[in-house]
Amino acid sequence: MATTGPSRIVVIVLIVVVLVVAGVGVYLVDQWLTPKAISGPTAVQVGDNVTVNYIGSFASGPQTHKVFDTSIYSVYLDNITYPKSLEFASTHSGSASNYNPLGVYVGSYSGQYTVNNQTFSGVVPGFWQGMIGMVVNQTRYITMPVSLAYGPLNPSCEATLPLNFTVPVLQVVSTGNFTAQYPGVFATPGVTFADPTYGWTDVVFSVNATDVSVESLPTIGFVAHLTGWNATVTGVNATTISLYNDITPSNYGNLLGTFSASRACGGGEPTSHFLIVGVNLANSTYTISWNSEVVGQSLTFRVTVVQIVSS
């Protein structure tokens, strides 16, 4: 009897199976040989909590390139590579423990909160907007205009004063205030001492039960060392001492003065400092501002991302 061969249907099925297996094999080989996209590191985006190290410096004005703020202790110590602004010393501590990465909320936010014992807070728009897209350990220079930094100057926190001014020869101080105004001085007639404000010689002229009279004894040409600059005595008579503030246009932005008592500006923290922001020799005046020195200026921050805490 003749051997019966495979039916046509079986042959067709076998051919189909072989083709399918071959096709799958070709697909797998192709997938193995095709380069795969490598997922990149997480980038900063709006809503993230990010810690950063930074150096803030001026990008405009007479203090351009001077550092006004930093989170890095070595930068605080290095005044050659990183010259500091006029108000830097009054707002920064010399303790290394006060220099740590800053916790930043990436987005529009004015408050402060804590995540895993780390404090995060809102920052000026130019700061957080410039961080978007950065990755951990990346450093970027972010320069921002006034509108994205601390905003324009508040004119109510400025004053124009005369370069020429006078003070009385004789001052009468209550016995209760004498010690505070002239510390370490005995209220005894004839006692002489250096004036705590101007440096010239004062003498206790007279004393009674309620008041102490103090007479100032400067000479013409005496240079008084004020808080930030000098003033020269230009005239003395029986009642008045005339002085001239030794301030020139070249001093603009380079002189820091001190108020006898702190004053607030635009709802911010009270300050005891002011800057010379203008000199008009024709009018014999100068202008002071107790706006914070960063207000009204373009700024540059060198920012390095330390950690992206969450999204």
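The values are calculated or read from the model by the stated rules, or taken from the named source; none is laboratory data. Every value quoted in this text rests on a predicted model; they were computed, and no experiment measured them. We place every Cβ from the backbone using ideal geometry, glycine too, and count neighbours over all the protein chains shown.
Observations, loosely collected:
- For segment 133-152, a residue qualifies if it is surrounded by fewer than 14 Cβ atoms within 10 Å (Cβ to Cβ) and part of a loop (DSSP other than H, G, I, E, B), and the qualifying residues are GLY133, VAL135, ASN137, PRO145, PRO152.
- Contacts under 7 angstrom Cβ, first residue in segment 125-138 being more than 17 Å from GLN307 (Cβ to Cβ), partner part of a loop (DSSP other than H, G, I, E, B) and charged (D, E, K, R), 6 or more apart: none
- Taking (1) part of a strand (DSSP E or B); (2) over 29 Å from ALA180 (Cα atoms); (3) at pLDDT 90 or above in turn, VAL309 satisfies each apart from (3).
- Residue count, segment 256-289 (criterion: outside any strand (DSSP E or B) and either assigned by TED's automatic domain parsing to the domain that holds MET131 or among the aliphatic types (A, V, I, L, M) (or both)): 3
- The set of residues from segment 231-255 being modelled with pLDDT under 95 and not in a loop (DSSP other than H, G, I, E, B) comprises PRO249, SER250, ASN251.
- Filtering segment 232-264 to residues that are surrounded by 16 or more Cβ atoms within 10 Å (Cβ to Cβ) and within 25 Å of the chain's Cα centre (by Cα) leaves ASN251, TYR252, GLY253, LEU255, LEU256, GLY257.
- Selection within segment 59-89 - in a helix (DSSP H, G or I) and among the aliphatic types (A, V, I, L, M): VAL75, LEU77, ALA89
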